[in-house]
Amino acid sequence: MPVVAVPDLSRLMHEIYTGAGVPADEAEIMTAHQIEASLAGHDSHGAVRTPTYVRLMEEGRIVPGATMEVLQDHPASLLVDGHWGLGFVQTERALELALEKARNVGVAALSIRRQGHVGRLGHYTGRAADAGMAAMMMADSGRGPKGVVPFGGTDARLGTNP
C-alpha cells in the first residue's frame, strides 16, 4: 500500500472534490474529516471513501453546496433539512447551532434529515467534549439500503445503524 504524506493527500483530495463541483470551503471540510478518520485508524470512513463520494455526487445522491434549512427551532432543540448536502458539512453547521443552544440552556437535541454520509461520528462527539459538553450521536443510512422493519411495520424503513 502506498504511503502518502498528509499535506499531499489533503491537497489531492481537495482538488478532486473541487473538480467534482464541491465548493472550496466544503471540500476543505470533507478533506479534513476524512484525513482525521484515516489518521485515527478509521480508514473505512477516511480517504478511501473519496471515489465513493464523487460517484454519489455524480449520481445526484449527494448535492454539494446544498443549503441547510432549519425546519424547527426551539430553545433546546433543532430540526434541520440538509437537502441531501454533504453530510460532513451539514452536520458541522448544525452541530454549531446545537452547541450554542446547549451553552444557553444546558442541553440540546438535534435532528438532521436528508443529508449525505457524515463520516466518523466520534469527530462530532469529540467537538462537543472539547466544548465541555457530553454528546450522543446516532445515524441512519440516509439513501442507503434499509434493512430494519420498525415496530408494527411491514416494510424495511430503517438502516442497520442504531
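The values are calculated or read from the model by the stated rules, or taken from the named source; none is laboratory data. All of these numbers come straight from a predicted model, not from anything done at the bench. All Cβ positions, glycine included, derive from the backbone under ideal geometry; neighbour counts span all protein chains shown. Surface accessibility is based on the protein's heavy atoms, side chains included, excluding ligands, DNA and RNA. Shrake-Rupley method; radii C 1.70, N 1.55, O 1.52, S 1.80 Å.
Structural remarks
- Residues being in contact with a Phe, Trp or Tyr (Cβ under 7 Å, 6 or more places away or on another chain) and farther than 16 Å from HIS45 by Cβ - total across segment 106-134: 1
- Filtered residue count, segment 140-156, keeping only those that are within 21 Å of THR91 (Cα to Cα), without any contact (Cβ under 8 Å) to a residue 24 or more places away in the chain and either open to solvent by less than 60 Å² (accessible area, probe 1.4 Å) or in contact with a helix residue (DSSP H, G or I) (Cβ under 9 Å, 6 or more places away or on another chain) (or both): 2
- Segment 21-57 - residue that is small (Gly, Ala, Ser) and open to solvent by 40 Å² or more (accessible area, probe 1.4 Å) and, of those, farthest from PHE88 (Cα to Cα): GLY41
- Complete set of residues in segment 1-37 that are over 25 Å from THR67 (Cβ atoms), touching a helix residue (DSSP H, G or I) at 6+ places or on another chain (Cβ under 9 Å) and not in a helix (DSSP H, G or I): VAL4
- Matching residues, segment 94-111, being assigned to a helix (DSSP H, G or I) and among the small types (Gly, Ala, Ser): ALA94, ALA98, ALA102
- Failed criterion for GLN90 (all others in (1) more than 21 Å from GLU28 (Cβ to Cβ); (2) surrounded by 17 or more Cβ atoms within 10 Å (Cβ to Cβ); (3) in contact with a Gly (Cβ under 8 Å, 6 or more places away or on another chain) hold): (1)
- Look at (1) of a type in the set (A, V, I, L, M); (2) touching a Phe, Trp or Tyr at 6+ places or on another chain (Cβ under 6 Å); (3) free of Cβ contacts under 8 Å to residues at least 24 places away in the same chain and you find that MET30 fails only one, number (3).
- If you go through segment 89-118 and keep only what is touching a Lys or Arg at 6+ places or on another chain (Cβ under 8 Å) and of a type outside the set (A, V, I, L, M), you end up with GLY116, HIS117.
- Of all residues in segment 6-20, exactly one satisfies the criterion of being more than 28 Å from THR125 (Cβ to Cβ) and open to solvent by less than 50 Å² (accessible area, probe 1.4 Å), namely ALA20.
- The set of residues in segment 55-64 being in contact (Cβ under 8 Å) with a residue 60 or more places away in the chain and in a helix (DSSP H, G or I) consists of LEU56 alone.
- Verdict on VAL70 being hydrophobic (A, V, I, L, M, F, W, C) and closer than 28 Å to ALA134 by Cβ: yes
- Residue in segment 67-84 that is within 22 Å of ILE16 (Cα to Cα), out of contact with any Phe, Trp or Tyr (no Cβ under 8 Å at 6 or more places or on another chain), without any contact (Cβ under 8 Å) to a residue 60 or more places away in the chain and open to solvent by less than 80 Å² (accessible area, probe 1.4 Å) present: yes
- Inter-residue pairs, beta-carbon under 8 Å, first within 16 Å of SER10 (Cβ to Cβ) and acidic (Asp, Glu) and in segment 37-54, second part of a helix (DSSP H, G or I) and open to solvent by less than 60 Å² (accessible area, probe 1.4 Å), 6+ apart: ASP43/ALA37
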